[in-house]
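Structure, as structure tokens:
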């Protein structure tokens, strides 16, 4: 191809791309009454929307396995669980209990039998002298610090704090997280869904990383800014070394082979940190945070239905509490337990009792807040409407809160209720899968929960 032909081809391609970009900027949905949908040619290049994540519903067999298994250590309300098969039922209209609304805010519901979020409220009064720690544990809905990053920022406007809190030492999708940048090598990641049944390293975070020799992770501040304490939490099966280095300090120690949790920490404001570990080190996580104010730890595992949390190691959790105890634990599950053909989730709720009770016994000082499932879209023909299963799941999650004596927040109602996901998609707050939040949707949902938390602790 000669130079003239090449220039012609480039010119034609440029013109075509320009026309497509112009067309993508037109608000088609507004102009055509939603007959034509908006599109964005560059949405895959700029990450307001993350890649579409397909939520896989939890299998009936998994629920039945939980209901039939015996876990002697779990008692109390978990003992009331009966063996009950879960059979999908035809889709039908589902009536949802109305969520309480106070001053235009969908309020947190109190099924504790006592004062709502009393531990969290008391902790907030001490935020100037200690870290008030919140854990948000869930699935891909909050992956990459979506939602939790904004909840963290909003709480800090009132109570202070810095950093991002907890982080695994490795992620298969490090680009998702805007609050901190990660560069890793030499780690083998294990998560709570793929751990062998004999695996005892089941912690609230849901994963751990094993050093294959000279493993390292470099953290660099993102949107969350600097932090003042860098801590590595680990187990050691061999006498190797671990080190933590920041912009102003470095510490290296010899790991002691032990079944007990160990840690290494450096104080001092920093925008970066490098953690290295030799063979035999099992990294349970790093904390990049402050010594006072609010810390919100995001702990998400793709595909997690919440059921694996019933096997948390309480002994190791007790040891973890000495390093990072929680005042509030927020459970965000349900996305991986709903399917379009099922509107009865009583079996799932019964199985989840064990997870809630295990979390409570592992972190007895923490208030527990169950988030109901968000609204989710289902395409029938050319139309997208709310999946009927979501309403049914909300009913089951509210009943779970009643059975376990926890707080409950109706996420779906806060979004706007039936078909709210369609409106959120039109506002470009959820991805094209009509399930997962983008960063703007995460910020909006965080605002709604922040308002509900403020209402709860100040009433």
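The values are calculated or read from the model by the stated rules, or taken from the named source; none is laboratory data. Here the structure is a predicted model, which means the values were calculated and not measured. Backbone-built Cβ (ideal geometry, glycine too); neighbour counts: all protein chains shown.
Scanning region 159-209 for residues that are over 20 Å from residue 136 (Cα atoms) and out of contact with any strand residue (DSSP E or B) (no Cβ under 7 Å at 6 or more places or on another chain), we see that the one that is modelled with the highest pLDDT is 200.
The single residue among 377, 381 that is free of Cβ contacts under 8 Å to residues at least 40 places away in the same chain and farther than 17 Å from residue 139 by Cα turns out to be 381.
Of all residues in region 346-385, those being assigned to a helix (DSSP H, G or I), crowded, with 21+ Cβ neighbours inside 10 Å and in contact with a strand residue (DSSP E or B) (Cβ under 7 Å, 6 or more places away or on another chain) number 2. Please work out if residue 428 is more than 28 Å from residue 124 (Cα to Cα) and either outside the structural domain of residue 457 (by TED's automatic domain parsing) or surrounded by fewer than 24 Cβ atoms within 10 Å (Cβ to Cβ) (or both). Yes, satisfied. The residue list 399, 423, 418 contains one member that is outside any helix (DSSP H, G or I) and surrounded by fewer than 20 Cβ atoms within 10 Å (Cβ to Cβ), which is 418.
When you scan region 159-168, do you find a residue that is in a helix (DSSP H, G or I) and in contact with a helix residue (DSSP H, G or I) (Cβ under 7 Å, 6 or more places away or on another chain), even just one? There is at least one residue in region 159-168 that is in a helix (DSSP H, G or I) and in contact with a helix residue (DSSP H, G or I) (Cβ under 7 Å, 6 or more places away or on another chain).
Taking the condition of being closer than 12 Å to residue 161 by Cα, surrounded by fewer than 16 Cβ atoms within 10 Å (Cβ to Cβ) and in contact with a strand residue (DSSP E or B) (Cβ under 9 Å, 6 or more places away or on another chain), how many residues in region 103-129 meet it? Within region 103-129, residues that are closer than 12 Å to residue 161 by Cα, surrounded by fewer than 16 Cβ atoms within 10 Å (Cβ to Cβ) and in contact with a strand residue (DSSP E or B) (Cβ under 9 Å, 6 or more places away or on another chain) number 1.
When you scan region 257-266, do you find a residue that is assigned to a strand (DSSP E or B), surrounded by fewer than 18 Cβ atoms within 10 Å (Cβ to Cβ) and free of Cβ contacts under 8 Å to residues at least 24 places away in the same chain, even just one? Yes, that holds for at least one residue. I'd like to check something: does region 439-458 contain any residue that is under 18 Å from residue 116 (Cα atoms) and assigned to a strand (DSSP E or B)? So far as region 439-458 goes, no, none of its residues is under 18 Å from residue 116 (Cα atoms) and assigned to a strand (DSSP E or B).
Each row is one residue, and each column tells you yes or no for (1) at pLDDT below 95; (2) more than 22 Å from residue 152 (Cα to Cα); (3) over 17 Å from the mean Cα position of the chain (by Cα).
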{"position": "371", "(1), (2), (3)": "no, no, no"}
{"position": "382", "(1), (2), (3)": "yes, yes, yes"}
{"position": "387", "(1), (2), (3)": "yes, yes, yes"}
{"position": "400", "(1), (2), (3)": "no, yes, yes"}
{"position": "405", "(1), (2), (3)": "no, yes, yes"}
{"position": "418", "(1), (2), (3)": "yes, yes, yes"}
{"position": "432", "(1), (2), (3)": "yes, yes, yes"}
{"position": "444", "(1), (2), (3)": "no, no, no"}
{"position": "451", "(1), (2), (3)": "no, no, yes"}
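Among residues of region 116-127 that are outside any helix (DSSP H, G or I), those with a beta-carbon under 8 Å from a residue that is surrounded by fewer than 19 Cβ atoms within 10 Å (Cβ to Cβ) at least six positions away or on a different chain give the pairs 116/110; 116/459; 117/457; 127/159; 127/160; 127/292. Looking at region 321-333, is at least one residue in contact with a helix residue (DSSP H, G or I) (Cβ under 6 Å, 6 or more places away or on another chain), in contact (Cβ under 8 Å) with a residue 24 or more places away in the chain, assigned to a loop (DSSP other than H, G, I, E, B) and under 23 Å from residue 189 (Cβ atoms)? The answer is no; no qualifying residue exists.
Given the residues 267, 238, which is the only one that is assigned by TED's automatic domain parsing to the domain that holds residue 207 and out of contact with any strand residue (DSSP E or B) (no Cβ under 6 Å at 6 or more places or on another chain)? Just one listed residue meets the conditions, 238.
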